[in-house]
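Here the structure comes first, spelled out in structure tokens, and everything after it is commentary.
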Amino acid sequence: MQDSKADVTRVVIDTKGLQCLLEALAQAGYRVVGPTVRDEAIVYDDIAGIESLPVGWTDRQEAGRYALERRGDDACFGYVVGPHSWKKFLFPPVETLWTARRDEAGTMAVSRPEPSQGPFAFIGMRACEIEAIAIQDRVFEQGPYTDTAYAARRSDAFIVAVNCGQAGGTCFCVSMDTGPKAKHGFDLALTEMIDGPSHRFLVEVGSEAGARIMVQVPHEQASAGQVEMAEAIVERTAGQMGRSLDTQGLKELLQDNPEHPRWDDVATRCLTCANCTMVCPTCFCSTVEDHSDLTNTEAQRVRKWDSCFTMDYSYIHGGSVRASTASRYRQWMTHKLANWIDQFGTSGCVGCGRCITWCPVGIDLTEEAAAIRAAPGEKGSG
């Protein structure tokens, strides 16, 4: 588990050292998960070693557009973020909560599923994604009720962060103060440094667990020049943000403009497909279904991801509370950027830009917020 305040010890490893790190984590019993290329995207999945990483690949992102391109080098982490978030491992899209079985004597027994795999080691987590997990921690662990399955997966996770060496066209983590450098919440944090034939990683040790693993990895102490080079990479990335969001007074702005005409405007473009909530690393809406078999001897309660963009999500007796597209988009954006602050003490957005990139019609949250700010107090037809 990551220490809340990292004891920053800096060392340097090369690509062979990175392979040793992955092997050490596997040997320690972790399920090693990291970025890999599949289906023309960089996704998060089980990785066997450095050969599984997206070596030499990068991504180009704009509103409604995503494409992979070859880099001019062999960077292992030379991309931004893909459609997946680490949420899918800690808060699975489909999860059986319990199973009830009745035996031949009519006795009913209820059981919870046992963990099917070992603890996770997440490789390549971006700073904004660490902040997203911290937000989900507030939801699932730090409220009045604890999601015990989430808490078990979360407490055992080993996090290897990678500071961003480039920003994407839809990134705005600087606006949200969530990146591009990981500040806390990691066991190890890497900054990839390529200088001609030299390919190295500055490693910051952020926990006792991280220090124990690094004992097994060949490394050398970082020089002042290497530390400066890593810091320059992160500073350069901070200046490359493709988007920005003015957060000054944003909570009050959105809460004070529920009838702004921009909500009707965006409704003419929004497909209510829920892509934005599926790719978002912080959205946590879910629904529960009960399934039973045809013999009436077994039943399961299953939790599935849901979205505030679906008609059924806000359905109560008599109809849906938010029947219009405008009302559902307003709910999502106002909750994300304003009401989360009232609930959890933080914005629900980390500036990763996924909701912009993966919107099929290219709706841009930062653009919608700017439009409301430009004409506050206006009222629409509805």
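Going by average Cβ density within 10 Å per residue, which order do the peptides 82-93, 237-248 take, highest to lowest?
On the way: 82-93: 19.5, 237-248: 15.9.
Top of the packing list down: 82-93, 237-248.
Normalising the average separation of contacting C-alpha pairs (under 8 angstrom, six or more residues apart) by the number of residues puts the relative contact order of the chain at 23 percent.
A simple spin-label model places the labels of Arg269 and Arg102 5.4 nm from each other, with each point 7 Å out along Cα-to-Cβ.
Packing order of peptides 34-41, 174-181, highest average first: 174-181, 34-41 (average count of other Cβ atoms within 10 Å over each peptide's residues). Neighbours of Ala370 by Cβ distance under 15 Å: Lys/Arg scored +1, Asp/Glu scored -1, total -3. Converting phi to 3J(HN,Hα) with the Karplus coefficients 6.51, -1.76 and 1.60 and the offset θ = phi - 60°, region 157-164 yields 6, 10, 10, 10, 7, 10, 5, 6 Hz in sequence order, with x at every glycine or proline.
About the centre of its Cα atoms, region 272-360 shows a dipole size close to 440 debye [charges on the beta carbon of Lys, Arg (+1) and Asp, Glu (-1) only; nearest 20 debye].
Taking K and R as +1 and D and E as -1, what net charge do the other residues with C-beta under 12 Å from the C-beta of Val43 add up to? The answer is -3. Amide H to amide H distances under 5 Å link Gly64 with Thr357, Trp358, Cys359, Gly362, where only residues 5 or more positions off or on other chains count and H is placed in the peptide plane.
Calculated mean residue ellipticity at 222 nm for the chain: -8000 deg cm²/dmol, from DSSP H runs with n ≥ 4 weighted as -39500 (n - 2.57), summed, divided by the residue count and rounded to 500.
Karplus-based coupling profile of region 286-295, in residue order and whole Hz: 8, 10, 10, 10, 10, 10, 9, 8, 6, 8, with θ = phi - 60° in 6.51 cos²θ - 1.76 cosθ + 1.60 and x standing for Gly or Pro. Take every Cα pair under 8 Å whose residues are at least 6 apart in sequence, average their separation, divide by the length of region 97-245, and the relative contact order is 24 percent.
Computed packing ranks the peptides 100-109, 137-146 as 137-146, 100-109, most packed first, by mean other Cβ atoms within 10 Å.
Proximity of backbone amide H atoms, modeled 1.01 Å from N, is registered between Tyr315 and Val321 at under 5 Å, excluding neighbours fewer than 5 places apart on the same chain. For Phe201, the shell of other residues with beta-carbons less than 9 Å away shows a net charge of -1, using +1 for Lys and Arg and -1 for Asp and Glu. Taking amide H atoms as placed 1.01 Å from N in the peptide plane, the amide H of Thr9 lies under 5 Å from those of Val205, each 5 or more residues away in sequence or on another chain. Evaluating 6.51 cos²θ - 1.76 cosθ + 1.60 at θ = phi - 60° for every residue in region 198-211, the Karplus couplings come out as 7, 10, 9, 10, 7, 10, 9, 8, x, 7, 5, 5, x, 5 Hz, glycine and proline recorded as x.
Filter Lys304/Lys336; Lys181/Lys251; Lys16/Lys87; Lys88/Lys336 down to the pairs with a C-alpha to C-alpha distance above 23 Å, please.
Details: Lys304/Lys336 20 Å; Lys181/Lys251 25 Å; Lys16/Lys87 29 Å; Lys88/Lys336 19 Å.
Those over the limit are Lys181/Lys251; Lys16/Lys87.
Here Kirkwood radius over Cα pairs in Å was calculated from the structure, and among (1) 22.4; (2) 22.9; (3) 21.0 it sits at label (1).
Read-outs: derived from the displayed coordinates by stated rules, not from any lab. Just so you know, these numbers come straight off a predicted model, no measurement behind them. A quick note on method: Cβ atoms are made from the backbone with ideal geometry, for glycine too, and the neighbour counts reach across all protein chains shown.
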